[in-house]
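Here it is, the structure in full.
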Amino acid sequence: MNTQTYQYLHKDVIEALKGNHLLLALQSLQGLAATLKSWSVKEEVDTLADSYQMMLSYMAKGADDPQRHKMYAGFVRRAYELADVLERVGEISSDTSYYATCLRTLQQLRGAQYQLADLLSPDAPVRDMFDAVWLSGAWTADEEIAAANYMAADTIPVEHKALLLSAATLAAMRFFDVAKYRLLLDNALVLETKLRVRALTGLVFVHIVHASRLAMYPEVEARLKLMSDLPSFVSELELLQTQMFLSLETKRIEKSLQNEIIPQMMKRMKDLRIDKSLGIDDIKERLDEADFNPEWNDDGTPSKLSEYMKEFVALQQRGADMYMGSFKVLKQRFPFFNIACNWFWPFTMQHPELPAGLEKNKLVKLMINNAGLCDSDKYSFCLMALQLPLDAGSDKAAKMQESLADIDLPAPMERDAAERYKDELRSYVQGFYRFCNLYIHREAFVNPFQRNLFIADYSPFDNIMNDEELLVRMADFVFKDKSYDLARSLYERVPVGARTNGLLQRLGYCYEQVADFVRARALYEQANALKPQSDWTLRHLAVCNRNAGDYEEALSCYNDLAEMQPEDAALALRQAECLIYLQRYDEAFKYLFKANYLAPQSGNSERALAWCSLLTAKYEQAEKYYTKVLANQPTPTDFLNAGHAAWLGGNLPLAVTRYKRALPHDNALHFLDDDKAMLLKAGLSEADLAMMTDLVAN
């Protein structure tokens, strides 16, 4: 069957159900079942339709039925469940579906009529169990019991139980099944950390994908509410929430590492020349002599590299994913990762696809125990280590073994239960994120990270996590990660009367970062009212006023700041800038001379003095300052403005020379457009501008 055909029919069913048109939905279900030739399901749909028609007929006769609403809810719920069954039947019938291909492969291996319960046993191959679970439809009562028994059996390794929970998560996200959700609920409070992490993460992911469906099962929501009475459950939910938010930063971190951190480190190393004949101790000595310190630039100012590294160290300490980019290529290189089960297999050197004796490799042990890698990255490193070096008898191999022989590996650090839980949670969420973004057949699975990840937006978590302090903690957490849009949405949930000065500052900053200066200004004004004369608030309020074009208000803020910091050259420059926009040039000069006196080496005040002189027709003075500016690392804009000064001062040849110096970064036919009004006001004509353009562009 054409895939689009059954998807179109299934869409009709869901839209009818969402529109509260149950009778129409049942009719569409009958048509979908007939189209898919799923006669057993059609028979059940027919029975459901007959029962609903019977209830409607009693209602039409005015019969009193106190169970009517409950029955209607049951009909709707069952209609959704049958729609799920038929959606899966349609998926299986597709010739191109990865889901269908995997199911057919499993049937060839285990027999077309294999039973899921038979694979939920200690004797079944683990990969077959995993595949059978994630490919399964809605569980029967017997299958749900078999899964529960598997989780309770002492003879089943924890790693295998963990794989069952992950497979159930994948399956329940793809095709909703309340039985699988109950399995996750059953294990969300168990003592074993690996299982508790996977169960809690799984039930939250399934809930995010199917929140509207779960609302039809009040008994399930009731269990969640009971669990929320346990402080440990709520605190672990909060930890999961922070880790999910951190996952949103993964792409930004990867981009920053590639575009900022690594290039700057390479730039630092460019002058370091290492003789290949040097030994390890000699190289270390040369590195020490090079004083490879990222803290300062050559001119003694704090370096960008230092800022980036501090930020990324802080992110790593909080559980951010720093290794996605590093291991991406390896995930695509090794066939190991073409198997879905391997992405979720808890790390163990006894994995059946890893060679025996790997635990004796000191390099592997060093990385596995100390690098903070998620499980799938640990497998990546092991597979990579097996190929480095390939020739065990080579000089390279001998030197590596000799170098590692004397290393006394530290014993794994002892961690308390809370630390172990956080590490396990970090590893699992990062591994899940990698699967959703790197697995070769990822399009066949639901990606929860593409959904709204704020748990409190879903019932009943909205009541479980409605604590105001928790909301602020979540907002502060993502604010520190520069996720300003998400932080803004969280801060705005805090009632107006409960907003502190600090919260208003951060909310205003979120709006400032997305260039909504009007809203940012209003929030900064509220913050200033709560705590007047705050240096930080006034500076940002001034910036917003300036960007909003309100230079009087911006000047007022800078004046207040200048009273507190009268020796600040930058403030004097900002005061002058506002006065220039207000065309109060005489006052502006006063502040420009002050800024130049306080910081004569910066060059910024000289640029502003030159421009202000130009605006006030003081061309000799403008020329004096532009001469200084052009002698100190000038920009194309400096040459452009200096060209104006020369032209208006009567030195046309010099103007042409300066304009041509500005043109490599400008449009030759329009380089005068931005300053046209100023030049015309100074006495030049349209013809003058046209001829100068042709002269310079020639």
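The values are calculated or read from the model by the stated rules, or taken from the named source; none is laboratory data. Since this is a predicted model, take the numbers as computed values, not measurements. Reconstructed Cβ throughout: ideal geometry from the backbone, glycine too, with neighbour counts over all protein chains shown.
Is it the case, given these coordinates, that residue 645 is loosely packed, with under 15 Cβ neighbours inside 10 Å and at pLDDT 90 or above?
It is false that residue 645 is loosely packed, with under 15 Cβ neighbours inside 10 Å and at pLDDT 90 or above.
Additional query: Just to be sure I understand the filter: pairs with C-beta atoms under 6 Å, separated by 6 or more residues or on different chains, first member in segment 496-521 and basic (Lys, Arg), second member modelled with pLDDT under 95. Which pairs pass?
506/479
While we're on this one: Which of the residues spanning segment 473-505 are of a type in the set (Val, Ile, Thr) and closer than 18 Å to residue 452 by Cα?
The one that is of a type in the set (Val, Ile, Thr) and closer than 18 Å to residue 452 by Cα: 478.
Quick one: which residue in 54, 71 is in contact (Cβ under 8 Å) with a residue 12 or more places away in the chain, among the hydrophobic types (A, V, I, L, M, F, W, C) and more than 25 Å from residue 167 (Cβ to Cβ)?
Result: 71 is the single residue among 54, 71 that is in contact (Cβ under 8 Å) with a residue 12 or more places away in the chain, among the hydrophobic types (A, V, I, L, M, F, W, C) and more than 25 Å from residue 167 (Cβ to Cβ).
Take the residues in segment 426-481 that are among the basic types (Lys, Arg) and touching a helix residue (DSSP H, G or I) at 6+ places or on another chain (Cβ under 7 Å), then tell me which one is nearest to residue 225 (Cα to Cα).
Ranking the candidates gives 451 first.
Find the residue count for segment 18-40, including only residues that are surrounded by 20 or more Cβ atoms within 10 Å (Cβ to Cβ) and either assigned to a helix (DSSP H, G or I) or of a type in the set (Asp, Glu) (or both).
6
To keep it simple, each residue is scored yes or no on (1) closer than 18 Å to residue 418 by Cα; (2) out of contact with any Leu (no Cβ under 6 Å at 6 or more places or on another chain); (3) not polar (S, T, N, Q).
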{"position": "197", "(1), (2), (3)": "yes, no, yes"}
{"position": "217", "(1), (2), (3)": "no, yes, yes"}
{"position": "233", "(1), (2), (3)": "yes, yes, yes"}
{"position": "242", "(1), (2), (3)": "yes, yes, no"}
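Turning to a different aspect of this structure: Which pairs turn up if I take residues in segment 340-356 that are at negative phi and in contact (Cβ under 8 Å) with a residue 60 or more places away in the chain and look for partners that are in a loop (DSSP other than H, G, I, E, B) and not acidic (Asp, Glu) with beta carbon separation below 7 Å, at least 6 apart in sequence or on another chain?
Listed by first residue and then by second, the contacts come to 340/439; 343/439; 345/351.
Take segment 580-602 and flag every residue that is in a helix (DSSP H, G or I) and either of a type in the set (D, E, K, R) or within 20 Å of residue 521 (Cα to Cα) (or both).
If the condition is that a residue be in a helix (DSSP H, G or I) and either of a type in the set (D, E, K, R) or within 20 Å of residue 521 (Cα to Cα) (or both), then 581, 586, 587, 590, 594 are the ones that fit.
Check off (1) surrounded by fewer than 16 Cβ atoms within 10 Å (Cβ to Cβ); (2) touching a Ser or Thr at 6+ places or on another chain (Cβ under 7 Å) for residue 477 and give me the number that stays unchecked.
Checking residue 477 against (1) surrounded by fewer than 16 Cβ atoms within 10 Å (Cβ to Cβ); (2) touching a Ser or Thr at 6+ places or on another chain (Cβ under 7 Å), the one that fails is (1).
Here are 378, 360: which of them is at pLDDT 75 or above and either under 27 Å from residue 479 (Cα atoms) or surrounded by 14 or more Cβ atoms within 10 Å (Cβ to Cβ) (or both)?
378
If a residue has to be within 20 Å of the chain's Cα centre (by Cα), in a helix (DSSP H, G or I) and not acidic (Asp, Glu) to count, how many in segment 454-485 make the cut?
Qualifying residue count, segment 454-485: 12.
Further question: Just to be sure, is residue 620 out of contact with any helix residue (DSSP H, G or I) (no Cβ under 8 Å at 6 or more places or on another chain), part of a helix (DSSP H, G or I) and under 20 Å from residue 580 (Cα atoms)?
Considered against the rule, which asks whether it is out of contact with any helix residue (DSSP H, G or I) (no Cβ under 8 Å at 6 or more places or on another chain), part of a helix (DSSP H, G or I) and under 20 Å from residue 580 (Cα atoms), residue 620 comes out as yes.
When segment 441-453 is examined, which residues are found to be part of a helix (DSSP H, G or I) and more than 13 Å from the chain's Cα centre (by Cα)?
Across segment 441-453, the qualifying residues are 442, 443, 444.
Farther than 30 Å from residue 581 by Cβ and either surrounded by fewer than 17 Cβ atoms within 10 Å (Cβ to Cβ) or at pLDDT below 95 (or both): does that describe residue 535?
No.
Table: residues versus (1) at pLDDT below 90; (2) more than 50 Å from the chain's Cα centre (by Cα).
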position: 639; (1), (2): no, no
position: 650; (1), (2): no, yes
position: 654; (1), (2): no, yes
position: 669; (1), (2): yes, no
position: 680; (1), (2): no, yes
position: 692; (1), (2): no, yes
position: 696; (1), (2): yes, no
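Within the bounds of segment 616-628, is there any residue that is modelled with pLDDT of 90 or more, touching a Phe, Trp or Tyr at 6+ places or on another chain (Cβ under 9 Å) and surrounded by fewer than 17 Cβ atoms within 10 Å (Cβ to Cβ)?
yes
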